[in-house]
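Report on the following structure.
The values are calculated or read from the model by the stated rules, or taken from the named source; none is laboratory data. Because the structure is a prediction, the values reported are computed rather than measured. Positions of Cβ are generated from backbone atoms using ideal geometry, with glycine treated the same way; all protein chains shown enter the neighbour counts. The accessibility values were calculated without ligands, DNA or RNA, using every heavy atom of the protein model including side chains. Shrake-Rupley method; radii C 1.70, N 1.55, O 1.52, S 1.80 Å.
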Amino acid sequence: MSGTSPSLRPPADAVPPVRHPDAPAPGELLGPHYGQCFGCGDEQPHGLHLAARAGAGVTITAEFTVQAAHQGAPGLAHGGVLASALDETLGSLNWLLRAIAVTGRLETDFVRPVPVGTTLHLSAEVVAVAGRKIYSTATGRIGGPDGPVAVRADALFIEVKVDHFVDNGRQEEIRAAMNDPDQIRRARAFEVNP
């Protein structure tokens, strides 16, 4: 991305990301990390319902279709919704590292309008890791995975302990997520977001 802030450039001592041995196989649908998540949750009526798939290495592809509820200007996606789609896609990368991480910084470029009814094709990858810092980049295209770029972002995620969510979230939702009998959903509930 042109003009990336210095805080989003990996330091000289950063290392390449290492995909966790238990990460989903390339092509595998990740599913929602939490049912009420605005980005990927299947219980969120006006959410993005973003569907992410594991790629090779530490990459993700995802799609979501812009609905009328996602408008900013008449007939066009709201920029905040597009930033949310990028953030959700970038955050999903952390599942491939098996890292609990939150968005520390997200820098977004809006390249062209995205009309309602358009499917946004997203791709993201972790580019480097430095201690608790995870550096990632994403691109959103319209008209197909190789279509013109509509949005792009660079991000810095910070690895945290699950206590971050326990100490700051609403207790009833925290308890429900921690008591989910599905071990994968229970682990993924605390996957992303500040």
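Largest accessible area first, the listed residues 20, 33, 49 line up as 49, 20, 33 when surface is computed with a 1.4 Å probe on the assembled protein chains. When the charge dipole of region 107-149 is built from unit charges on Cβ atoms (+1 for Lys and Arg, -1 for Asp and Glu) and taken about the Cα centre, the candidate among 142, 123, 111 whose Cα reaches farthest toward its positive end is 123. Working from label points 7 Å from Cα in the Cα-to-Cβ sense, the residue 116 to residue 172 distance is 3.2 nm.
Taking 0.36 nm per residue of separation and subtracting the current Cα-Cα distance, fully stretching the chain between residue 65 and residue 46 would add 5.7 nm.
Using C-alpha pairs below 8 Å separated by at least 6 residues, the relative contact order for region 32-119 is 25 percent. In this calculation the C-beta distance from residue 73 to residue 109 is compared with R0 = 22 Å, giving a FRET efficiency of 0.75. When you restrict to C-alpha pairs under 8 Å that are six or more residues apart and normalise by the size of region 13-66, the relative contact order lands at 28 percent.
Just subtract the alpha-carbon distance of residue 83 and residue 132 from 0.36 nm times their residue separation and send over the number in nm, one decimal. Between residue 83 and residue 132, full extension yields an extra 15.3 nm.
The distance separating the Cα centre of region 126-154 from that of region 13-47 comes to 14 Å.
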